[in-house]
Structure formats: C-alpha cells, structure tokens
Amino acid sequence: AMAMLDTLVHNETAFLADVATEVRISEAMVETGDGADQSRRVVFATPRVADYRANVHHIADYLLQLMRDPDLRQRMGEAGRRRVVELFDYRAVAKRFLQILQERLGVE
C-alpha cells in the first residue's frame with residue numbers, strides 16, 4: 001500500500017495534494033487471520049495515524065492543470081513510465097535484491 005511513496009514524485013510523475021486531515025486511531029482489533037493466535041484488542045498509548053485525507057482544493061487545482069495542459073500530461077506520463085522501468089522492472093528489482101543479500105550475508 002505504501003508503494004505510492006516510492007513511485008509518485010511531486011511535480012515530476014504526479015501531483016501530491018497537501019494533507020487536510022489525519023485520521024487517528026487509539027485502538028485496533030487484531031484478528032487470528034492477521035497472524036495472531038487469538039483475536040485481541042490493542043490499545044495504543046499514543047493515538048496512531050491510520051489514514052490521511054487530501055486537501056480537495058489542491059486536487060481540483062491539479063486536475064484543472066492537467067486538463068488544460070496536454071504537454072504536462074505527456075511529460076508526467078513519460079516520467080512516470082521511466083521511473084517505474086528504472087526502479088521496478090523485474091531485472092532492477094532482482095539486481096537490488098541480490099545486492100541486499102550480498103550486503104547482509106557478506107557473499108558475492
């Protein structure tokens with residue numbers, strides 16, 4: 001779910017609206033299907049951010065920019081494609097995985 005932070009670069013591959021609201025939770029239920037032995041309630045000493053709500057005015061402004069500027073759409077689309085191919089093509093991912101293994105295990 002957090003892959004957006006790796007793939008979206010503000011003003012290059014995407015527009016990222018400012019946060020208008022943080023959704024915080026003070027407790028959660030952990031179910032057996034989530035890896036727990038039994039269902040249980042977890043209470044956080046400090047409420048945690050569970051989600052964000054974007055500034056809708058920023059979203060509207062960015063959409064209008066994109067609608068009015070075909071060259072911008074083209075540039076951002078091409079930049080997004082380049083970034084994905086460079087960082088997330090299976091060959092790049094496999095190469096990085098091997099580098100991590102070599103660093104952690106000290107093997108070549």
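The values are calculated or read from the model by the stated rules, or taken from the named source; none is laboratory data. Not measured: the values here are computed from a predicted model. For neighbour counting, all protein chains shown are included, and Cβ atoms are generated from backbone atoms with ideal geometry for every residue, glycine included. With ligands, DNA and RNA removed, areas are computed over all heavy atoms of the protein, side chains included. Shrake-Rupley method; radii C 1.70, N 1.55, O 1.52, S 1.80 Å.
Each of H10, H57 has its accessible area taken with a 1.4 Å probe; listed largest first, they run H57, H10. Name the residue from F88, H58, V23 whose Cα lies farthest towards the positive end of the charge dipole of the chain, charges +1 on Cβ of Lys and Arg and -1 on Cβ of Asp and Glu. My answer, from the dipole projection, is F88. The residues of the chain expose on average 84 square angstrom of accessible surface per residue, using a 1.4 Å probe on protein heavy atoms. For region 1-53, what is the relative contact order in percent, using Cα pairs closer than 8 Å and at least 6 residues apart in sequence? After rounding, I find 35 percent. Labels on offer are (i) 1.66; (ii) 1.00; (iii) 1.12, and the one holding Rg/Rh (Cα atoms, Kirkwood Rh) computed from this structure is (iii).
The accessible surface of the chain, taken with every protein chain in place and a 1.4 Å probe, is 54 percent carbon and sulfur.
Dividing the summed -39500 (n - 2.57) terms of all DSSP H runs of n ≥ 4 by the residue count of the chain sets its mean residue ellipticity at 222 nm at -15500 deg cm²/dmol.
The magnitude of the dipole of the chain, with charges of +1 and -1 set on the Cβ of Lys/Arg and Asp/Glu and taken from the Cα centre, is near 120 debye. Taking every C-alpha pair closer than 8 Å and separated by at least 6 residues, the mean separation divided by the residue count of the chain gives a relative contact order of 26 percent.
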